[in-house]
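The values are calculated or read from the model by the stated rules, or taken from the named source; none is laboratory data. This structure is a prediction, so every number in the text was calculated from the model and none was measured. Cβ coordinates were reconstructed from backbone atoms using ideal geometry, including for glycine residues, and neighbour counts include every protein chain displayed. Areas reflect the complete protein model, heavy atoms only, side chains present, ligands, DNA and RNA absent. Shrake-Rupley method; radii C 1.70, N 1.55, O 1.52, S 1.80 Å.
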Amino acid sequence: MNKIPPKLKELLDLFSLLSTEQERIDFLISYSDKFKENLESVAQLTEENNVPFCESGVYVWAKQQPDKTLKFYFAVQNPQGISAKALTAILDQTISGEKPEVIVNIPDDLVYKIFGQSLSMGKNMGLSGIVQMVKRKAKGYLKVQV
Amino acid sequence: MSEIKERGYSNPDVLVTTEWVANHLNDKSIRIVESNEDQLLYSTGHIPGAVHVDWTKDLNDQIRRDYLDKKGFESLMSRIGATTGTTVVFYGDKNNWWACYAYWVFQLFGHKNAKIMDGGRIKWEKEGRELTRDVPIFTKTAYTSPERNDTKVRAFRDQVLEHVKKRLPLVDVRSPQEYSGERLHMPEYPNEGALRGGHIPGAKNIPWAKAVNPEDGTFKPASELKKLYQEENDLRPGDNIIAYCRIGERSSHTWFVLTNLLGYKNVRNYDGSWTEWGNLVGAPIEK
């Protein structure tokens, strides 16, 4: 069994304590409020970094730090993409700064764990695309290390 | 953008401006309804007095893949404090994509007093108009709805198959990548809920968003819409047309444009759309 990245695990434990849908919504909005667009370089808004299926125009890129951890950057072009902002803020807070071999263990059902089972298929596809992009970037760095 | 009445629409009264809405916030005969693609958006702030109608929870049957029934619609209208005489004004994100979807579902129950706020949420925000997180509570009403009538504005799988056989016009309003089937096969990403990619044979690809001005989300004037649908794609007002997308939400936007803004009389929305067609054993597909 792969280990969920520790900070992400802590956050998921917090989510599991939420008892109502409104609590979940409020919690997610508090994360979307924390979202800070990191447009370090407009040149990173490339097709390669663009998340397919996501309707909010999300871009994901990463830079490896001297200690081999990854710093992730996110751009959300749709100002009304609150769910995308919430998810990227969560990912930034919980997996940015981890090593690739830890990041690839993000659970595949993360989106449902965070947003709940009532998420529509289209929304799930878009948000899962963000998670898959993060994992794919981490896998890319793992291959380089090998 | 020009005044709505100057844009040459067949039914200009179906649209209202943001200013009109701002001037009717306390009008008891109006109910403002926000419907979004992003389920969190309403809770971050909405037009004062606006109620939230969530398409997954409020407009769909929670067991079968279908819309709510008469009882469910009556319950929804009761919750939002609407009567048959209430004018419902829809608005939302994504250039009113989900607002048009909600509008279309309301037409299945014959609620004709319905309008769309031109430009939707993005225009309201760009104009710096007030948003609130206060959720209004309305006194429940007794709303009596007719049975849902799917015949006029909704198309089903077998009807689409017949439509294809007769070579009648179909409009695929998805992106060119979805239309071609290219997007379904991208590695390491979830598929689009369909086993096969491509489009229904004979369908023309007219992405839904071509009907709106990207800068403020307002609908393009009739002259530009006619150029798009009639001149460039040969869809005529008297044609029997079926529109579809992935689950029928984007195509309800195109249905709204063709029916209400250009006055087409026989347009139906195939809400089964690609998530049904792309999984249907033996269904003809073109790439």
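Only one residue of B:Thr83, B:Asn23, B:Ser43 has its Cα farthest out toward the positive end of the dipole of chain B, where Lys and Arg carry +1 and Asp and Glu -1 on Cβ, and that residue is B:Thr83. When the inverse distances between all different Cα atoms of the range A:6-145 are averaged and flipped, the Kirkwood radius reads 15.2 angstrom.
Coupling constants for the range B:86-103 follow from the phi torsions by the Karplus curve (6.51 cos²θ - 1.76 cosθ + 1.60, θ = phi - 60°), and in residue order they are 6, 8, 9, 10, 9, 8, x, 7, 6, 6, 6, 4, 6, 5, 5, 5, 4, 4 Hz; glycine and proline get x.
Ligands, DNA and RNA left out, the 1.4 Å accessible surface of the range B:151-287 is 51% carbon and sulfur atoms.
Phi angles across the range A:10-19 convert, under the Karplus curve 6.51 cos²θ - 1.76 cosθ + 1.60 with θ = phi - 60°, into 3J(HN,Hα) values of 4, 5, 5, 5, 5, 4, 5, 7, 5, 9 Hz, Gly and Pro given as x.
So if the hydrodynamic radius of the range B:236-287 is defined as the Kirkwood radius over C-alpha pairs, what does Stokes-Einstein give as its diffusion coefficient at 25 °C and 0.890 mPa s, in µm² per second? Rounded, D is 211 µm²/s.
A 1.4 Å probe run over the protein assembly as shown, with the rest of the protein chains in place, finds 44 Å² accessible per residue.
Equivalent ellipsoid of chain B: semi-axes from √(5λ) of the C-alpha gyration tensor, largest first, are 30, 22, 19 Å. In terms of overall dimensions, the range B:64-206 has a Cα radius of gyration and Dmax of 19.1, 52 angstrom.
For the range B:211-254, a drop of 20 Å² or more in accessible area on going from the chain alone to the assembled protein chains (1.4 Å probe) is found at B:Arg246. For the listed peptides B:267-279, B:168-180, a ranking on the average number of other beta carbons within 10 Å per residue, highest first, reads B:267-279, B:168-180. Summing both sides, the accessible surface hidden between A and B at a 1.4 Å probe radius is close to 2600 Å². Taking the Cα centre of the range A:6-145 as reference, the dipole from Cβ charges on Lys and Arg (+1) and Asp and Glu (-1) amounts to some 420 debye. Treating each Cα of the protein assembly as shown as an identical point scatterer and summing with the Debye formula, the log10 of I(q)/I(0) at q = 0.07 Å⁻¹ comes to -0.36. For the range B:1-64, the fraction of C-alpha pairs farther apart than 15 angstrom is 64 percent.
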